[in-house]
Amino acid sequence: MERRPPLPRIELILCSASPRRRQLLQGLDLPVRITQVDIDETPPPGMPPDQVAEHLARAKALAWEGTLAPHEVLVTADTTVLVDDAPGHALLLNKPENDADAERMLALLSGRTHRVITGVCLRTATDVRSLADTARVTFRAMDPAEIAYYVAVHRPLDKAGAYGVQDWIGYTSVVRIDGSFYTVMGLPMHRVYEELRTLAG
């Protein structure tokens, strides 16, 4: 007897250059094709930092100019890293500008717990829905030589907060994750799957 995935009527279009997000979506055993869109990722003035990821995911979906068939779902996402630098105030760490900026960010995260928020938008021919999922990540204290090695060898300049949980720094320095590992990696897969189930009817 042939086994089919539980959502056989859906084909996904991932609007992202991230190989990590592509890998994650392919884990759903659904067809995935790749497209891209460029937007200004500067958040609106005054927007609370914990709303930025979902805002940018939605903006990417709305900026895409392609056409969707009834069975297709466009998936966009954005991940932000927030570290509390004062009571009631969170510092938003975007992608680092250079090696020095990456080392600065990792020094801020060293020995502390921070939040990772991934926003996702699912767009169909008739609907646009978005969500955000949060995980808390705790790093052990890292010394400057470790930080410099990671930045020089693993080049995390394309990653919010200057790190990828799935590579060397995750193996050596992440003490605890409260929430979904995949949210930290770039897509909260449990939430994406639930939304796709809803869309499939």
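3J(HN,Hα) along the range 49-65: x, 6, 9, 5, 4, 5, 4, 5, 4, 5, 4, 5, 5, 6, 7, 5, 9 Hz, from the Karplus curve 6.51 cos²θ - 1.76 cosθ + 1.60 with θ = phi - 60°, whole Hz, x for Gly and Pro. Take the Cα of T138, step 7 Å toward its Cβ, do the same at V175, and the gap between the two points is 0.6 nm.
Only Cα pairs under 8 Å and at least 6 apart count here; give the relative contact order of the chain as a rounded whole percent. Could the numbers behind the result be given before it?
Values: 378 pairs, mean separation 43.0, N = 201.
Relative contact order, the chain: 21 percent.
Taking only the alpha-carbon atoms of the range 68-163, what semi-axes of the equivalent ellipsoid follow from 5 times the gyration tensor eigenvalues under a square root, in whole Å, largest first? Write down the numbers at each step before the final one.
On the way: eigenvalues 201, 54, 19 Å².
Whole-Å semi-axes of the equivalent ellipsoid: 32, 16, 10.
For the range 183-193, putting each phi into the Karplus relation 6.51 cos²θ - 1.76 cosθ + 1.60 with θ = phi - 60° gives couplings of 4, 5, 6, x, 8, x, 4, 5, 6, 4, 5 Hz, in residue order, rounded to whole numbers and with x for Gly and Pro.
Solvent exposure of R112, expressed as accessible area, is near 80 Å², computed with a probe of 1.4 Å over the protein chains only. For L91, the amide hydrogen comes within under 5 Å of the amide hydrogens of V83, D84, D85, counting only partners 5 or more places away or on other chains and with H modelled in the peptide plane. Computed on the Cα trace of the chain, the radius of gyration divided by the Kirkwood hydrodynamic radius gives Rg/Rh = 0.99.
For T35, the residues whose amide H sits under 5 Å from its own are L14, C15, S16, ignoring neighbours fewer than 5 places away on the same chain, with H placed 1.01 Å from N.
If you average 1/r over all unlike Cα pairs in the range 1-116 and invert the result, what Kirkwood radius do you get in angstrom? The partial results should precede the final answer.
Numbers: mean 1/r = 0.0600 Å⁻¹.
In the range 1-116 this quantity evaluates to 16.7 Å.
Sequentially through the range 195-200, phi angles give Karplus couplings (6.51, -1.76, 1.60; θ = phi - 60°) of 5, 5, 4, 5, 5, 6 Hz, Gly and Pro residues having no value and appearing as x.
The values are calculated or read from the model by the stated rules, or taken from the named source; none is laboratory data. Predicted, not measured: the structure shown is a model, and the values here were computed from it. Cβ: placed from backbone, ideal geometry, glycine included. Neighbour counts: every protein chain shown. Just the protein is used for accessible areas: all its heavy atoms, side chains included, with ligands, DNA and RNA removed. Shrake-Rupley method; radii C 1.70, N 1.55, O 1.52, S 1.80 Å.
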